[in-house]
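These notes concern the structure reproduced below.
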Amino acid sequence: MTDAPLVLLLSGPNLNLLGEREPAVYGADTLADHVATATAAATEHGLALEHLQTNHEGDLVEAIHGARGRCAAIVVNPGAFTHYAWSLHDALAAFDGPVVELHLSNPNAREPWRHTSVVAPVAHGTIAGFGGHGYRLAIEATAALLGR
């Protein structure tokens with residue numbers, strides 16, 4: 001499937017702890033479980049998926065820069081970077097394809113500081129509050145945006 005459009009799935013800080021960290025909020029599934037869900041959904045839509053998880057903002061910025069001209073779309077769960085990482089906003093604004101913001105929980109139903117997303121203004125849409133099912137929904141939304 002080398003000619004399949006490539007979707008870059010980005011996972012921000014602390015998402016490597018999924019399954020262990022606050023399971024009442026984020027569920028019992030691991031990040032690997034969610035990536036497997038996204039990969040299966042991408043395959044169903046004729047898309048390829050590449051995943052990167054990092055706890056470092058600059059690494060996410062570099063990955064977004066590297067996606068320019070290489071990836072058809074980006075799905076990003078920025079974690080806590082959602083609320084203050086303007087460097088992600090600017091990098092995503094320079095990406096030409098669709099961007100879908102993704103959250104396991106619903107930030108607007110949580111602490112007030114989580115209510116603002118600096119990513120949302122440069123995303124085509126946001127999938128939030130659907131737990132692990134959100135990964136499938138985000139890929140399905142991305143496929144629709146790509147006409148797949």
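FYI, it's all coordinate maths here, none of it is from the lab. All figures in this text were calculated on a predicted structure; none of them were measured in a lab. Heads up, the Cβs are rebuilt from the backbone with ideal geometry, glycines too, and the neighbour counts pull from every protein chain shown.
Close contacts from the range 132-144, counting a first residue that is in contact (Cβ under 8 Å) with a residue 24 or more places away in the chain and a second that is assigned to a helix (DSSP H, G or I) and surrounded by fewer than 17 Cβ atoms within 10 Å (Cβ to Cβ), with Cβ to Cβ under 7 Å and a gap of 6+ residues or different chains, come to 132/33.
Can you tell me which residue in the range 1-17 is surrounded by the most Cβ atoms within 10 Å (Cβ to Cβ), limited to those that are hydrophobic (A, V, I, L, M, F, W, C) and touching a residue at least 60 places away in the same chain (Cβ under 8 Å)?
The residue in question is 7.
Looking at the range 100-148, which of its residues are of a type in the set (Phe, Trp, Tyr) and under 11 Å from the mean Cα position of the chain (by Cα)? Passing the criteria: only 135. Taken over the range 3-17, the criterion of being of a type outside the set (S, T, N, Q), closer than 19 Å to residue 139 by Cα, in contact with a helix residue (DSSP H, G or I) (Cβ under 7 Å, 6 or more places away or on another chain) and not in a helix (DSSP H, G or I) is satisfied by 7, 8, 9, 10, 12. Checked against (1) touching a helix residue (DSSP H, G or I) at 6+ places or on another chain (Cβ under 9 Å); (2) assigned to a loop (DSSP other than H, G, I, E, B); (3) free of Cβ contacts under 8 Å to residues at least 60 places away in the same chain; (4) more than 13 Å from residue 104 (Cα to Cα), residue 20 meets all criteria but (1).
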